[in-house]
Amino acid sequence: MSVSQVLRRSVTVGELFIAALLTSHPALAQERSFIYERIDVTVDVPTNGVLTVTETMTLDYRGGPFTAASRDIALQQLDDIRDITLYEGEQVYTTAPASNVAGTYTVERRQDAVNVQ
């Protein structure tokens, strides 16, 4: 099953990392995997110096089910990260206090990264 996800955000520079969350059962974790089929990044640089980064990732999920994912965006050498929007295909996800509801995600600012889950 291939799924395209788009993450849009405004930043000054970016380092990116994604990790799929697996259930705590080791046997299930070994049966599930994903690979990146494609990653596209577009960076718009306006005169005010605030970059708009749009990432489109196509992932191939194997096994499953997959019910969640998490991504840390490092804050090293960044002034700010804001305006994060998450899409899956045509579906726009909404922010929520907890990301355990389908179609929602959370954004948590940590000392060294912003976590999107």
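List of remarks:
- Qualifying residue in the range 80-97 (condition: of a type outside the set (Ser, Thr, Tyr), over 20 Å from Gln117 (Cα atoms) and either modelled with pLDDT under 80 or in a strand (DSSP E or B) (or both)): no
- Take the conditions (1) at pLDDT 85 or above; (2) crowded, with 16+ Cβ neighbours inside 10 Å; (3) not in a strand (DSSP E or B); Gln111 misses just one of them, which is (2).
The values are calculated or read from the model by the stated rules, or taken from the named source; none is laboratory data. It should be emphasised that the depicted structure is a prediction, and the values quoted were computed from it without experimental measurement. Cβ sites come from the backbone with ideal geometry, for glycine too, and all protein chains shown count toward neighbours.
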